[in-house]
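Just so it is clear, none of the values below were taken in a lab; they were calculated from the coordinates. The shown structure was predicted, so the numbers you read here are calculated from the model rather than taken from an experiment. Glycine also receives a Cβ, built like all others from the backbone with ideal geometry; neighbour counts cover every protein chain displayed.
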Amino acid sequence: MSAYENPLPGLPDWDRCGVMGIVNVTPDSFSDGGLWLDPDRALAHGLELIAQGADVIDVGGESTRPGAVRITCEEELRRVIPVVRGLAEDGVLVSVDTMRADVAEAAVNVGARIINDVSGGRADPRMVSVAAGTGVPFVVMHWRGQSARMDELAGYADVVGEVMEEVEREMDAVVSGGVDPSQVIVDPGLGFAKTRDNDWALLAGIGAWARLGRPVLVGASRKRFLGTLLADPATGEPRPTRARDAATAAASALAAAQGAWAVRVHEVTATTDAVRVEAALRKARGRTTKR
Ligand code: PMM
């Protein structure tokens, strides 16, 4: 297997760490809520991210920001399906960001080719069997509970070891539920039931995930740990979300350097450049690390 051969059956090979561009069709996501609520604008934004270098577009209809309240399934379908369909019809590789089996199934039926479930199959008891039935890759992200109370659930003695163990257990459950092991993607879930220090420790420890033998997706984009790092020295105010993209690109390249398979970002241009730099360095070093 070459350095960048895609380990997921049916997905294209990339010549570097993949870039997953985010389209949140929501009024309330923490950094871009309301911007892409109109399906035509969301579709145009997805195509713009592809033109900027994204390899996959992740379409989500429900905010998972800390404290977020859940929406109905009907509302989520109404937001997500036209955008997934439109992008897929334009030949875009689409991932659907949902915790609901009905949304995942409907999205795959209109062309989504990855299911990205931030709960790793735990929020909806039907998700694993539906994911298994679709046969598409399934993201098992580290998750300890719904966004409304996730900040209370951060508590680790050894965050890297415990998060990996919990994801490994969830991977086993997902595979027992019928998902092909070769279709599992893992994700440490930065910001989900994590303190800022936990996020830094996890980002520093991405290399350890090679032990799981699965492609690792990393979502650092615009998250609180970056906002706190870049806080205004005079006021202590966190850096506004939309001014965290240079830091996101740096964090993403550093994840790529530790073997991340793909990074999930709002602003694609800087991160694509950053992971290209990482790939060039890797090539110059003559390394052939598998993703
Ligand atoms: N983060 C968010 C949403 N979905 N999916 C995966 N796989 N990994 C993540 O880290 C992740 C995710 C929250 O960010 P957003 O609300 O800006 O999309």
- prompt: Pick from region 108-120 the residues that are in contact (Cβ under 8 Å) with a residue 24 or more places away in the chain and more than 21 Å from Arg65 (Cβ to Cβ): which of them is surrounded by the most Cβ atoms within 10 Å (Cβ to Cβ)?
  reply: Ala112
message: Among the residues of region 38-58, are any more than 8 Å from the ligand (Cβ to nearest atom), of a type in the set (S, T, N, Q) and assigned to a loop (DSSP other than H, G, I, E, B)?
response: yes
query: Can you spot a residue in region 147-158 that is within 16 Å of the chain's Cα centre (by Cα) and either within 11 Å of the ligand (Cβ to nearest atom) or farther than 25 Å from Asp38 by Cβ (or both)?
result: yes
task: Only residues that are away from the ligand (no atom under 16 Å from the Cβ) and either within 30 Å of Pro9 (Cα to Cα) or part of a loop (DSSP other than H, G, I, E, B) (or both): list them for region 205-229, please.
output: Gly207, Ala208, Ala210, Arg211, Gly213
- prompt: Exactly one of (1) out of contact with any Ser or Thr (no Cβ under 8 Å at 6 or more places or on another chain); (2) in a loop (DSSP other than H, G, I, E, B) is unmet by Leu202. Its number?
  reply: (2)
message: Suppose we filter region 147-170 for residues that are crowded, with 16+ Cβ neighbours inside 10 Å and under 22 Å from Gly61 (Cβ atoms); how many remain?
response: 2
field: One residue from Thr98, Thr26, Thr72, Thr64 being touching a residue at least 60 places away in the same chain (Cβ under 8 Å) and not basic (Lys, Arg)
entry: Thr64
- prompt: Scanning for something touching a Gly at 6+ places or on another chain (Cβ under 9 Å), surrounded by fewer than 24 Cβ atoms within 10 Å (Cβ to Cβ) and of a type outside the set (Ser, Thr, Tyr), does region 275-286 turn up at least one residue?
  reply: yes
message: For a quick check of your reading of the model, give me the residue pairs whose first member lies in region 162-176 and is over 21 Å from Leu202 (Cβ atoms) and free of Cβ contacts under 8 Å to residues at least 40 places away in the same chain, whose second is assigned to a helix (DSSP H, G or I) and aliphatic (A, V, I, L, M), with beta-carbon atoms closer than 6 Å and at least 6 apart or on different chains.
response: none
message: Looking at the structure I just gave you, is Ala193 in contact (Cβ under 8 Å) with a residue 40 or more places away in the chain and among the hydrophobic types (A, V, I, L, M, F, W, C)?
response: yes
Residue, farthest from Gln52 (Cα to Cα), within region 259-288, restricted to residues that are in a helix (DSSP H, G or I) and among the charged types (D, E, K, R): Arg285
